[in-house]
Amino acid sequence: MTTLLIQNAEVLVTMDPNRLEIPLGSLLVENNQIQWIGATHDFDRWVNSQRPDLARDGCDSITDAQGCVVLPGLVNCHHHLYQTLTRTIGTGDGQILFDWLKFLYPIWAELTPEGVYVSAKIGLAELVLSGCTTVADHLYLYPNGSKIDDEIQAAQDMGIRFHPTRGSMSLGESQGGLPPDRVCDTEPNIIRDCVRAIETFHDPDPFSMVRIGLAPCSPFSVTENLMRETAELARHYPLVNLHTHLAETKDEDRFCVEMFGKRPIAYAESLGWAGEDVWFAHMVHPNAAEIDWLAQTRSGVCHCPSSNMILASGIAPVRAMVDNHVRVGLGVDGSASNDGNHMLGETRQAMLLQRVGWPGFESRADRFTAREALELATIGGAKVLRRDDIGTLEVGKAADIVAFRVDDLGHAGSLADPVAGLVTCAPTQVWHSVINGRMVVEDGQFLPFELPPVIERHNQLSRQMLDRAGV
């Protein structure tokens, strides 16, 4: 048994059902589980009465969080880690989604297994330093021998909690889809590899570090048959979730109406894609009836504000979804449609974008609070991924804990409400990060591996990929 005491937090934010916040708070971790939470001055009393074997000086490690806000690790519900290799391509020019994808598909066709592995290490490191402890990734193309195994290895090297989804594309241009045929695969091959990925890596147990999901890419890149067959396959296994992009742009609305005679959500419903095991990325353009459907079916949504802005997709009606009790989490989305991997920054964007408003609704400055945004990034994301062991700081929950400094330059003057200041002030890097009971960032230092050699190799692979694609 190993023990870690985190003490003297400026505020400890639990995100428990009562949304308890503890000034000068502490918590005790044993192995990978939280054992005690309370005010720092109560720790000795609790130890003396309940655990005399754990006197303060007997803890294996003590971390002083003075000047920090401590909160549950942030949960990223949608990403494309391989896209760190193609940041800034198209985004600087203001391309919209379909044009951006058509430009990038031939470049991504040059992806290699090493490219998947190294880009995942880069993206995950950036996410960890932004306060993220759980990541769901959507890898939907597998050229040149690439496998989902490559990014899982990167996550295991990092020690991050990982929800990789085995994505797929089978509807190429020759069949009326958007992607070129060369980045698509046959549906029998896709299903076989989905089975292999689940049976090799999926762990449905509490505190698991890898859970596989199945994720046909989008209505414009897979067939109806693959959507149905994938849903049937996932439901043969415990806690294998279903994921896809949906209702992201007006172009997608038009494509679905022309191709299938239905709007995107009606199309998904017709294929059995509804329920607590389903979550959709983006959901920018649902109408009021469709928001009700999301709530009634308990289908989840991952809001990706920066990506939606940079690709001019629109403003998702998160206020309306939350008010209707839709399960909503946050995602950074692909590094190429965001050009960053900062979960605390994404939390701030979510708050700001809802304050701007949504077409058809009156815009109000109080449309979304800082704490509501933090809820999306923590307990909201946990609910979307069907995890009841993360997302809050409570006794018995997984020890996924982050601390941000609020006594630094960027937060000077914010101590009247340092929790809100995490979101309203400019986003910063995490000071401490504990994942599954293991310290991965300490005093602002990233511990799993040396970053400069990985960055150098990543940039070499990016340049090689662009050269092969003739860009």
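The values are calculated or read from the model by the stated rules, or taken from the named source; none is laboratory data. Computed from a prediction, not measured in an experiment: that's the story for all the values here. Here Cβ is always computed from backbone atoms with ideal geometry, including for glycine, and neighbour counts include all displayed protein chains.
Selection of region 58-111 for residues being in a helix (DSSP H, G or I) and β-branched (V, I, T) yields T84, T86, I107. The residues listed here are L85, L74, L54, L27; of these, the one that is closer than 30 Å to N144 by Cβ and of a type outside the set (K, R) is L85.
When R327, R319, R298 are screened for being touching a strand residue (DSSP E or B) at 6+ places or on another chain (Cβ under 8 Å), assigned by TED's automatic domain parsing to the domain that holds M227, of a type in the set (D, E, K, R) and at negative phi, only R327 passes. Contact map, region 123-147: residues that are under 18 Å from R405 (Cβ atoms) and touching a residue at least 24 places away in the same chain (Cβ under 8 Å) paired with residues that are crowded, with 24+ Cβ neighbours inside 10 Å and of a type in the set (K, R), Cβ distance under 7 Å, separation 6+ or inter-chain. Pairs shown: T133/R161.
With a requirement of 3 or more residues that are in contact with a strand residue (DSSP E or B) (Cβ under 7 Å, 6 or more places away or on another chain), the helices (runs of 4 or more DSSP H) lying completely within region 332-429 that satisfy it span 343-356, 381-384, 418-424.
T2 falls short on exactly one of the conditions (1) of a type outside the set (A, V, I, L, M, F, W, C); (2) touching a residue at least 40 places away in the same chain (Cβ under 8 Å); (3) surrounded by 15 or more Cβ atoms within 10 Å (Cβ to Cβ), and that condition is (3).
Per-residue answers, yes or no, for (1) of a type outside the set (A, V, I, L, M); (2) touching a residue at least 12 places away in the same chain (Cβ under 8 Å); (3) buried (at least 24 other Cβ atoms within 10 Å of the Cβ); (4) under 14 Å from L246 (Cα atoms):
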| position | (1), (2), (3), (4) |
| --- | --- |
| M283 | no, yes, yes, yes |
| A288 | no, yes, no, no |
| R298 | yes, yes, no, no |
| V301 | no, yes, yes, yes |
| P305 | yes, yes, yes, no |
| A312 | no, yes, no, no |
| N324 | yes, yes, no, no |
| S335 | yes, yes, yes, no |
| R348 | yes, yes, no, no |
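Filtering region 159-210 to residues that are under 17 Å from the mean Cα position of the chain (by Cα) and buried (at least 22 other Cβ atoms within 10 Å of the Cβ) leaves I160, R161, F162, H163, P164, T165, R166, G167.
From the list A382, A373, the one residue that fits, being under 17 Å from the mean Cα position of the chain (by Cα) and farther than 28 Å from N31 by Cβ, is A373.
Residues that are at pLDDT 95 or above and buried (at least 18 other Cβ atoms within 10 Å of the Cβ) were ranked within region 41-70; the one that is nearest to E394 (Cα to Cα) is V70.
Is it true that some residue in region 264-281 is within 18 Å of the chain's Cα centre (by Cα), in a loop (DSSP other than H, G, I, E, B) and closer than 30 Å to L422 by Cα? Reasoning before the result, please.
Kept after step one, since they are within 18 Å of the chain's Cα centre (by Cα), are these residues of region 264-281: 276-281.
Narrowing the set further to residues that are in a loop (DSSP other than H, G, I, E, B) leaves 276-277.
Retained after the next criterion (residues that are closer than 30 Å to L422 by Cα): none.
No, every residue in region 264-281 fails to be within 18 Å of the chain's Cα centre (by Cα), in a loop (DSSP other than H, G, I, E, B) and closer than 30 Å to L422 by Cα.
Restricted to region 445-471, and to residues there that are in a loop (DSSP other than H, G, I, E, B) and touching a strand residue (DSSP E or B) at 6+ places or on another chain (Cβ under 8 Å), the residue that is farthest from I160 (Cα to Cα) is L447.
Yes or no, residue by residue, for (1) modelled with pLDDT of 95 or more; (2) among the aliphatic types (A, V, I, L, M); (3) outside the structural domain of L294 (by TED's automatic domain parsing); (4) surrounded by fewer than 17 Cβ atoms within 10 Å (Cβ to Cβ):
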position	(1), (2), (3), (4)
I212	yes, yes, no, no
P219	no, no, no, no
N225	yes, no, no, yes
V240	yes, yes, no, no
P264	yes, no, no, no
Y267	yes, no, no, no
W273	yes, no, no, no
